Amino acid sequence: MSLRRFAAHRPRTLPEKVRYLRRLAVLTGGMLVAVLILLLQLVRLQILDHTHYHRLAVGNRTRLVPILPPRGIIYDRRGVVLAENIPSYALEIRRDRARDLAGEITGLAHVVRIPKRDRRRFWRLVRVSPPYLPVPLREDLSTADVARLAPHLERFPGARIVARPRRYYPLWRISAHLVGYVGPISARQLSHDPGGLYQADSEVGDAGVEQTFETLLYGIPGYRTIEIDAQGRPIRTLGVRPPTPGASLYLTIDARLQAVASRALGQQAGAVVALNPDTGAVLAMVSHPGYDPNDFVDGVRRRTYEALAHDPFKPLFDRAIAGEYAPASTIKPFISFALLHYGILTPRTTIYCPGTFVIPGTHHIFRDWLPWGHGWTDLKKAITQSVDVFFYRMTFRLGIRRLDHYLPLFGFGRPTGIDLRGERSGVLPSPAWKEATLHRPWYGGDTVMSGIGQGYWLVTPLQLAHATAILAAHGRREVPRILHAIYDPLSGQRIPARARALAPIRLAHPDRWTMIARDMHNVVQSPNGTAHNLSADEPYPIAGKTGTSQVGKYRSDFIHVKLPYRERDNAVFIAFAPVLDPKIAVAVIIEHGGDGGLAAGPIAQKVIDAYLSGYRLP
Amino acid sequence: MNVSPSASRALEGRPSFHRLLRSLGLDPLLLALLVLVSAAGLVVLYTAGDGAGSLVLRQAVRLFLGFGVLVAVAQVPVGYYRFVAPWFYALTIVLLVLVFFVGERTLGAVRWINFGVVRVQPGEIAQLALPLLLVWLLSSTPDPPRGGRLLAAAGLIALPAGLIALEPDLGTAVLVVAIGLVVLFLAGLSWRWIAAGVLGLLASAPVAWRFMHHYQRERILVFLHPSRDPLGAGYHIIQSQIAIGSGGLLGGGWMHGSQAYLNFLPEQTTDFIFAVLAEEFGLLGTLVMILLYLAIVFRILWLAQRASDRFSRLLGASIAALIFLYAFVNMAMVSGLLPVVGEPLPFVSFGGSSIVTLLAGCGAVMGLDARRSHLDHHL
């Protein structure tokens, strides 16, 4: 078996075979090196980086499908439903089942009407949502639509009819601004959703309570873990985590009172705000004209929205918290407290009031609403008859600085802090404000006009009601609030909302609260009172104050002329009742309503009547 | 049958089945290894094809056919190869030309000819025809190839490789060149030529780059940076690495490879079937598979080196190298070591041409071994 022996025998073949074997050895070595490299790579992939690739593999094949939580219900304080979820039928498309998506949509459109708006939305959602999620094609199908569709569904493998909750506002326009509405989430809102709570077809609160308490009402979505294949088709469900339903809210308002206020306002543009002076609870808050919030659910139709947006009466505008009006004479009781506080006058101070007031050293004439004046006038008479000259002179003596220092106590010039978005702060006139806003210096005349709630004064109906409530509650300052209680559907607990209060206003002579209240009672009660028209024999006494704010140029109100609507005065009225133990404080503003006592007074009275007669009942 | 007396003696006392195989000129060990790999392939193919039995059945039929060809080829005497080599090569070239005229176009490349009953990929046949012809050419003398003979060999390599590259099927073309070079190497090509060739290859790389198709360049770029195009060209390699990596040491178990079952893995029944194996049977499975291939290759090399003539030795070693090249290139590609070239895993990937070609090669090796002379047997 020796190679050498063979070499001797066959000298020509042996070197060839040796060479061959050598080459074979080199080849084999090369193969082994290659296999070693391959093995190292496999060890790297399967052992060293196994965890990494395993995680990638799991991520590859599983997806989370959100289960949207049911939205919380909104009730009034007695449990009357203001916003609820009603079942509604929707036509949705499962793309993984549909063979020819565009063809199916066209086919379905022959069976049931699919508006262009819905189709656009459908294709937008198809673009943005992953393939394993169904996409709604048409929402809110009628039972007739469902019946018409049912026999055809077999032809459209991707289509199915599902019951989805739809938001419904049973009070329609009565609660429009207050409760607000939900609408389809916008692309911008969706991109500002760090928690990933929303889906492209989610609805989100867009106004009022629905917007302010969105996080409470919405809840926390659950999810299904599904396994998908490479085409994104769902294969099976691996696990489910149920959603946490949104909390239900009880509002402080009384739906009945809300309806009364709304009916009382009728066709007029304006706002009514009623507060409970003891708690700050909003009992009614109406802004007119309103709109039907149900139009906004599932997205408002363009034509409806244009009509609302271009309406000269601005129905979308919430006058109750964002409308800013001159308070006119309704500011006088509050200024009275400043005058008393700084000792400008005492309850017994009497001055002579002619029909005009002139700042000493000038020639500018400020006129009373009664051209021949009121004669000798004390504070009681000044409030009862709303004597302008009295307040001109006294406020001029008080000075704007002290006025600006005292009146914020009643909440003027700043938001009340109600738990609603969109509240405006009004304007408490001051030299600093005028300089900053109008870039003009403050004149003595500006102070004089501020004394009767004109000039630069602006208040919201809510601010006015809040100030009235403070007066009625003898200085207690409860922050107005709309949230009464939160009902947590998981624990079944009803958690009362916390009241917030500011430090009360303390007077050196607390009896003056009652004094001013009696003076305001006189406004209604006295035959000379500016709201004497309300003085029917009531089972309870009402304290009130009228205001008639000039919108156009200055002129006497006494000479009644029929003016064009836009130039008519705004009617303002504040009231609380019963005078000595107030349960309700109301502010009413009617745009271009004319005389405050005649136009706004009866509305406040109806609200108070409704509340107190109900209040007395068990 | 020219079974040598010593072989007959060695058969005494062995089981009759073993004797039957021997009498057919088959090598029982190599045959057993081939059957083992093919069977393992069918098991993996069952999951890769989503548990569809029809795929496995079709593959089984092909394997059956392949083994039939193996047995048939094993009966062919050595002299016959010498006679048939040029004609086989010529036929292959004709088919390679024909593919441009009557070939089936898939994904922008023509690689298949449909003969009605069978679809043939001439590129695969060339991988057997070329080494056969080269071995025929180079075994006529015991001297290392040089001069005119070397030039002729280079031309014979370049012709089919060029035609295949034009299809375009760069992966197969490179494999054809590689197997041709292996034959030259085994025939004793001088190291000087080898060094010159390597240097020349490195120098021509930029030129080759310019002549490549866009998708070919993209494949190489993606090979270097798979994340360059994760859903496009890089998708294959990323998904296959995920499948392999998620297999771990022992794998997810048969029928439990989620990547394959949920179709994340592309070409899972053909070129990427190794990833399915890796996902379901882990490192252990891949190790066993690699060892099986090595066993086959080394068995063939063993049979080749004990052959009596230069022709048989060279042909045997070439076929071993061919199987190794196929298996290594495929596994290296699937695990991300080489660019995606689209070569099947021998005996395992779904598809007939490669199975029949390689089993025919194995049959030739067995036949040559069975007919070696008595003298060489005692070497």
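The values are calculated or read from the model by the stated rules, or taken from the named source; none is laboratory data. Every value quoted in this text rests on a predicted model; they were computed, and no experiment measured them. Counting neighbours? That spans all protein chains shown, and the Cβs are built from the backbone with ideal geometry, glycine included.
Of note:
- Residue in the range A:391-400 that is assigned to a helix (DSSP H, G or I), touching a Lys or Arg at 6+ places or on another chain (Cβ under 8 Å) and buried (at least 16 other Cβ atoms within 10 Å of the Cβ) present: yes
- Test: residue in the range A:351-363 that is in contact with a helix residue (DSSP H, G or I) (Cβ under 6 Å, 6 or more places away or on another chain) and either of a type in the set (K, R) or under 20 Å from A:T530 (Cα atoms) (or both): yes
- Residue within the range A:583-592 that is touching a residue at least 12 places away in the same chain (Cβ under 8 Å), under 18 Å from A:S386 (Cβ atoms) and part of a loop (DSSP other than H, G, I, E, B) present: no
- Residue count, the range A:29-38 (criterion: more than 7 Å from every other protein chain (Cβ to nearest Cβ) and under 12 Å from B:L287 (Cα atoms)): 1
- In the range A:163-176, of all residues being more than 30 Å from A:A269 (Cβ to Cβ) and surrounded by 14 or more Cβ atoms within 10 Å (Cβ to Cβ), the one that is modelled with the lowest pLDDT corresponds to A:R164.
- Any hit, the range B:361-373, residues being touching a residue at least 24 places away in the same chain (Cβ under 8 Å) and within 10 Å of chain A (Cβ to nearest Cβ): no
- Selection count where residues are farther than 20 Å from A:G597 by Cα and either surrounded by fewer than 21 Cβ atoms within 10 Å (Cβ to Cβ) or polar (S, T, N, Q) (or both), scope the range A:316-335: 3
- Evaluation of B:S353 against the conditions (1) farther than 18 Å from B:L42 by Cα; (2) away from chain A (no Cβ under 14 Å); (3) small (G, A, S) shows that the sole unmet condition is (1).
- Enumeration of residues in the range B:69-78 that are β-branched (V, I, T) and either under 19 Å from the mean Cα position of the chain (by Cα) or modelled with pLDDT under 85 (or both): B:V69, B:V71, B:V73, B:V78
- Qualifying residue in the range B:147-157 (condition: within 14 Å of chain A (Cβ to nearest Cβ), under 24 Å from A:L21 (Cα atoms) and not polar (S, T, N, Q)): no
- Considering residues of the range A:244-285 that are among the polar types (S, T, N, Q) and under 30 Å from A:R494 (Cα atoms) only, the residue farthest from the other protein chains (Cβ to nearest Cβ): A:N276
Results for (1) at pLDDT below 85; (2) surrounded by fewer than 18 Cβ atoms within 10 Å (Cβ to Cβ); (3) within 13 Å of B:G352 (Cβ to Cβ), shown as yes or no for each residue.
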| residue | (1), (2), (3) |
| --- | --- |
| B:T47 | yes, no, no |
| B:V61 | no, yes, yes |
| B:F67 | no, no, yes |
| B:Y80 | no, yes, no |
| B:P86 | no, yes, no |
| B:A90 | no, yes, no |
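- Some residue of the range A:432-442 being basic (K, R), assigned to a loop (DSSP other than H, G, I, E, B) and surrounded by fewer than 22 Cβ atoms within 10 Å (Cβ to Cβ): yes
- Of the numbered criteria (1) at pLDDT below 85; (2) crowded, with 19+ Cβ neighbours inside 10 Å, the one A:G280 fails is (1).
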